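The values are calculated or read from the model by the stated rules, or taken from the named source; none is laboratory data. Quantities reported herein were computed from a predicted structural model and do not represent experimental measurements. Because the Cβ atoms are built from the backbone with ideal geometry, glycine has one as well, and the counts that use them run over all protein chains shown.
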């Protein structure tokens with residue numbers, strides 16, 4: 001019996017070592033530096049500076065508002081897209097092509113894609129040219145430097161996560177449930193609402209949590225599309241590490257964002273679990 | 001089971017074999033920046049060094065701040081011998097105690113360097129400049145026919161929503177505030193007038209990275225503003241309608257400096273490397289490739305390159321506004337905080 005145990009230990013060692021070296025260790029370093037002063041003494045001053053200042057709460061509110069809206073829009077766009085791919089497309093090759101189209105942008109870096117949006121959304125960019133050409137607006141609409149611009153960029157980058165998780169959940173649903181519902185005389189809308197939607201909820205919730213966490217922590221997209229005129233929390237963290245060099249305050253900002261995000265995600269997870277069919 | 005053990009042992013051996021030759025070989029580890037900067041440092045300094053000594057140079061690519069972080073982490077057992085870091089970070093590295101004094105005896109070419117590029121403190125020379133770059137006035141030549149004469153032109157109503165200046169996340173952001181403070185003769189230590197004026201500016205964007213600035217000029221989002229001479233002339237070389245000018249108030253500039261790492265494992269070679277960087281050939285090569293203003297005396301560059309140097313066509317190091325970094329670093333946190341509260345929110 002000991003032999004398999006040794007095997008197991010050996011097999012587990014690599015991933016555990018990897019996890020400890022590249023995740024736990026840096027996290028501990030950051031957490032420690034957030035509660036120490038320059039001379040190494042323990043202090044809560046960095047947290048007091050953050051939490052007792054209305055400015056930080058304002059920035060947090062902007063950050064979470066953008067992340068929530070991103071998640072909401074991603075769900076509204078991603079769910080129908082997943083539905084189309086799983087339920088409506090009959091031709092396998094086309095479905096495969098669509099999945100590839102959704103996944104391929106993930107292979108390009110966020111920086112490149114955000115630069116692309118800077119060009120598209122600019123005053124003289126394609127979007128404004130189109131809107132003016134169609135006579136929808138006379139003057140170019142300002143997207144860069146607005147929350148709308150940041151939302152467009154984040155939704156574009158994060159929608160694939162919803163499509164993939166919801167699509168997976170939809171594909172696993174046995175259509176017999178829906179047929180049974182129809183046999184019992186329930187209309188398609190009510191079947192969707194009471195049968196299909198609850199069954200996809202676990203997938204939808206995990207997709208939403210993923211999108212929310214990535215949107216809260218996103219740096220490159222908001223930094224580029226905000227044009228430095230809107231501040232989200234990750235930008236404050238970056239500033240402290242890259243130009244102010246106050247690693248203690250920067251670390252405290254990071255941990256604050258992490259803890260608040262975890263709290264929100266846990267709450268969301270609870271809600272998702274609560275509705276899960278028994 | 002035995003099979004797995006065998007596999008693990010074999011891969012461990014293979015891994016060991018792969019690592020061993022690299023550590024046994026004598027190679028100089030030099031920290032420098034990425035992109036065209038790293039390419040130029042390699043071509044202008046590392047390749048001639050390798051040719052002369054037969055020692056290969058292993059680049060440790062990172063921005064100045066990342067390099068400083070690495071030096072602090074490996075303080076007790078450094079692997080990096082020589083490090084390039086920008087002005088500002090250089091002073092922080094000195095304060096962090098990760099640098100070894102550079103001496104005339106070890107680096108004879110120090111004698112050929114302009115005095116402004118030799119940085120000393122109580123312990124001796126902690127850094128030496130290898131070339132200046134500036135943040136000048138950059139504009140779209142299709143929209144603006146005459147080169148703008150003053151930084152105050154950025155506030156002209158016709159450029160509303162089409163101006164860009166650096167944000168504090170950029171290394172030039174805080175220094176640029178000091179520069180504005182100086183050209184507007186604001187009262188000593190009081191930045192309120194500077195922030196009040198920036199609040200009146202109608203920007204297209206405040207750029208975080210040099211790349212974001214290039215992108216904005218390229219797409220026409222910005223038609224006038226600040227940009228590094230290195231980035232601006234890169235755009236001009238690509239055929240874009242961009243101009244770079246040194247207005248009457250001058251420009252803020254800084255330099256890329258070389259540092260000898262404290263307890264460098266290969267000190268002799270490290271000194272030789274710094275010496276190579278201070279030859280007129282290396283300095284002229286960096287001017288041609290990156291438009292860095294030479295820090296070595298008597299370097300001649302082509303007329304074409306002279307136009308692109310940080311001090312403009314007819315200037316010299318005297319035309320540059322070089323900051324007292326100790327002052328900047330002392331006020332850094334406060335200015336970034338004020339910027340966040342006053343400027344970077346709607």
For this session: Within region B:187-196, track down each residue that is surrounded by 19 or more Cβ atoms within 10 Å (Cβ to Cβ) and at pLDDT below 95.
Result: none
Exercise. In region B:98-156, how many are without any contact (Cβ under 8 Å) to a residue 12 or more places away in the chain and either under 23 Å from residue B:244 (Cβ atoms) or surrounded by 15 or more Cβ atoms within 10 Å (Cβ to Cβ) (or both)?
Worked result: 5
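Checking the condition assigned to a helix (DSSP H, G or I) and crowded, with 20+ Cβ neighbours inside 10 Å, which residue from B:282, B:256 passes? Spell out the reasoning first.
Details: B:256 fails: assigned to a helix (DSSP H, G or I).
None of the others qualify; the one that does is B:282.
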Problem set entry | Verdict on residue B:177 being within 14 Å of chain A (Cβ to nearest Cβ), over 26 Å from the mean Cα position of the chain (by Cα) and surrounded by 14 or more Cβ atoms within 10 Å (Cβ to Cβ) | no
For this session: Would you mind telling me which numbered condition in (1) within 14 Å of the chain's Cα centre (by Cα); (2) buried (at least 20 other Cβ atoms within 10 Å of the Cβ); (3) more than 14 Å from every other protein chain (Cβ to nearest Cβ) residue A:217 fails?
Result: (2)
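Going residue by residue through region B:259-271, is there one that turns out to be over 30 Å from residue B:55 (Cα atoms), assigned to a strand (DSSP E or B) and within 22 Å of the chain's Cα centre (by Cα)? Step through it out loud before you land on a result.
Restricting attention to region B:259-271, the residues satisfying the condition of being over 30 Å from residue B:55 (Cα atoms) are none.
No, region B:259-271 contains no residue that is over 30 Å from residue B:55 (Cα atoms), assigned to a strand (DSSP E or B) and within 22 Å of the chain's Cα centre (by Cα).
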For this session: May I ask you to say which residue of A:175, A:191, A:200 is buried (at least 18 other Cβ atoms within 10 Å of the Cβ), at pLDDT below 95, more than 14 Å from every other protein chain (Cβ to nearest Cβ) and over 19 Å from residue A:269 (Cα atoms)?
Result: A:191
Exercise. Do we have any residue at all in region A:129-152 that's part of a loop (DSSP other than H, G, I, E, B), crowded, with 17+ Cβ neighbours inside 10 Å and in contact with a strand residue (DSSP E or B) (Cβ under 9 Å, 6 or more places away or on another chain)?
Worked result: yes
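Suppose we keep only residues that are touching a residue at least 24 places away in the same chain (Cβ under 8 Å) and surrounded by fewer than 24 Cβ atoms within 10 Å (Cβ to Cβ) within region B:204-217. Which one would you say is farthest from the other protein chains (Cβ to nearest Cβ)?
Within region B:204-217, the match that is farthest from the other protein chains (Cβ to nearest Cβ) is B:210.
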Seminar exercise, completed: Those residues of region A:27-54 which are within 14 Å of chain B (Cβ to nearest Cβ) and touching a helix residue (DSSP H, G or I) at 6+ places or on another chain (Cβ under 6 Å) amount to A:30, A:33, A:46, A:50
For this session: Considering every residue within region A:221-236, establish whether at least one is over 29 Å from residue B:92 (Cα atoms), at pLDDT below 90 and more than 17 Å from the chain's Cα centre (by Cα).
Result: no
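Within region A:100-118, track down each residue that is out of contact with any helix residue (DSSP H, G or I) (no Cβ under 7 Å at 6 or more places or on another chain), part of a helix (DSSP H, G or I) and either more than 14 Å from chain B (Cβ to nearest Cβ) or crowded, with 18+ Cβ neighbours inside 10 Å (or both). Write out each step before concluding.
If we filter region A:100-118 for residues that are out of contact with any helix residue (DSSP H, G or I) (no Cβ under 7 Å at 6 or more places or on another chain), which is where we start, we get A:100-101, A:104, A:107-109, A:112, A:116.
Add one more test, that the residue is part of a helix (DSSP H, G or I), and what stays is A:100-101, A:104, A:107, A:112, A:116.
A:100, A:101, A:104, A:107, listed by residue number.
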For this session: With the checklist (1) crowded, with 24+ Cβ neighbours inside 10 Å; (2) within 14 Å of chain A (Cβ to nearest Cβ) in hand, flag the one item residue B:335 doesn't pass.
Result: (1)
For this session: Just need a number here: residues in region B:118-152 that are over 13 Å from residue B:223 (Cβ atoms) and in a strand (DSSP E or B).
Result: 17
Seminar exercise, completed: In region B:58-117, anything closer than 15 Å to residue B:262 by Cβ and within 12 Å of another protein chain (Cβ to nearest Cβ) is listed as B:68, B:72, B:73, B:92, B:93, B:95, B:96
Problem set entry | Scan of region A:237-260 for residues that are surrounded by 19 or more Cβ atoms within 10 Å (Cβ to Cβ) and under 15 Å from the mean Cα position of the chain (by Cα), ordered by number | A:257
Problem set entry | The one condition in (1) within 20 Å of residue B:312 (Cα to Cα); (2) away from chain A (no Cβ under 14 Å); (3) touching a residue at least 24 places away in the same chain (Cβ under 8 Å) that residue B:225 fails to fulfil | (2)
For this session: Considering only region A:33-59, state which residues are free of Cβ contacts under 8 Å to residues at least 12 places away in the same chain and either over 20 Å from residue A:236 (Cβ atoms) or surrounded by fewer than 11 Cβ atoms within 10 Å (Cβ to Cβ) (or both).
Result: A:39, A:40, A:41, A:42, A:52, A:54
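Suppose we filter A:63, A:124, A:70 for residues that are closer than 30 Å to residue B:211 by Cα and not in a helix (DSSP H, G or I); which single one remains?
Details: A:63 fails: not in a helix (DSSP H, G or I); A:70 fails: not in a helix (DSSP H, G or I).
Testing whether each residue is closer than 30 Å to residue B:211 by Cα and not in a helix (DSSP H, G or I) leaves just A:124.
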For this session: Inspect region A:15-28 for any residue being under 28 Å from residue A:157 (Cα atoms), out of contact with any strand residue (DSSP E or B) (no Cβ under 9 Å at 6 or more places or on another chain) and surrounded by 12 or more Cβ atoms within 10 Å (Cβ to Cβ) and give the result as yes or no.
Result: yes
Problem set entry | Lone qualifier among A:144, A:126, A:121, A:136 - being within 14 Å of another protein chain (Cβ to nearest Cβ), touching a helix residue (DSSP H, G or I) at 6+ places or on another chain (Cβ under 9 Å) and free of Cβ contacts under 8 Å to residues at least 24 places away in the same chain | A:126
